[in-house]
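First the structure, in the form of structure tokens, and then the observations on it.
Taken together, the values in this text are just the output of simple stated rules run on the coordinates, not laboratory data. All values reported here derive from a predicted model rather than from experimental measurement. Note that each Cβ is placed from the backbone with ideal geometry, even for glycine, and that neighbours are counted across all protein chains shown.
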Amino acid sequence: MKLGKHLACDPAVHRVVAIDGPAASGKSSVAHALAKQIGFAYVNSGAMYRAVTWHALQHAISPGDSAALIRMLENSCIDCDFEDNESRILIDGINPAEHLHEDRVNDEVSTVSSIPRVREILVAKMRAYALDYDLVMEGRDIGSVVFPETPYKFYIDASPEVRLRRRVAQGRRDQIAARDHADSSRRASPLVLADDAHVIDSSNLSIEDVVGEIISRLKIKGMIR
Ligand code: CDP
């Protein structure tokens, strides 16, 4: 894997571009394209919560039964690595990638991700990625909780109408308003706008426009030339 490694003061921690925002704001497409353009590895933290949700459902564990879910997780082998510069999660050797956007996963992922112990386990995996690689990581709490010290924070938003339209265009049934409400109102690491994040409203922008704006900011900050 060819990635731009960076020798910072702490040689163990690499650069992280944090991209947060609500559902269907365009952050996955933007984070993916940005990572490719600047040669960083791409981490989709939402996929990690989705994978755990899918795994629980496969084992007939109710997402509301946090004790059973935590027990399952603590007894599972969770491997997080990269494939073609993109994060990949294997649970007990199974890669659930093709199942991550099933309706039942959409419906339950916010419940699963509201469990503090689930977050603790997955956040440790997210931080471990930065021990070896420069990252573009997208999610809900990347700039606020996972890597609060990174100077490269972005918050991508779009109007509720545009976000709903985008999800429908992807052919997916997804209660994004309900998920946004759950993600923003939960106690553990809710979706918040970090004070020092640069906000981009992508409602009327293309993916290339948003990536361009992020790259301009990263240049101003001296992260890239
Ligand atoms: O793609 P979309 O924006 O719809 O969602 P996602 O990034 O795949 O995240 C799915 C769900 O995982 C979110 O609705 C959150 O409940 C949860 N999540 C989280 O709690 N923290 C993160 N850093 C990323 C996702």
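Contact order, relative form, for the chain: 32 percent (alpha carbon pairs under 8 Å, 6 or more residues apart, mean separation divided by residue count).
Here's how it looks for Ile224: its modeled amide H is under 5 Å from those of Lys219, which are all 5 or more places away or on a different chain. The calculated FRET efficiency for the pair His181 and Asp103, based on their C-beta separation and a Förster distance of 25 Å, comes to about 0.85.
Can you bin segment 168-222 into rounded, prolate or oblate? Criterion: square roots of the alpha carbon gyration tensor eigenvalues sorted a ≥ b ≥ c, rounded for a/c under 1.5, prolate for a/b above b/c, oblate for the rest.
Oblate, because a/c is 1.5 or more while a/b does not exceed b/c.
For the chain, lysine pairs separated by 8 or more sequence positions, or belonging to different chains, with Cα-Cα distances below 20 Å total 15.
Structure remark: mean-square fluctuation, Gaussian network model of the chain, C-alpha springs under 10 Å; the largest value among Ala31, Ala23, Ala128 belongs to Ala128.
Annotation: peptides 68-78, 151-161, ranked by per-residue average of other Cβ atoms within 10 Å with the highest first, follow the order 151-161, 68-78. DSSP beta bridges fully contained in segment 37-115 are about 90 percent antiparallel. As a ratio to 2.2 N^0.38 Å, the alpha-carbon radius of gyration for segment 15-92 is 1.28. The label-point distance for Asp195 and Ser216, in a model that sets each label 7 Å from Cα toward Cβ, rounds to 2.6 nm.
The antiparallel fraction among DSSP beta bridges confined to the chain stands at about 30%.
Across every direction, the projection of the convex hull enclosing the Cα atoms of the chain has a mean area of 11.8 nm².
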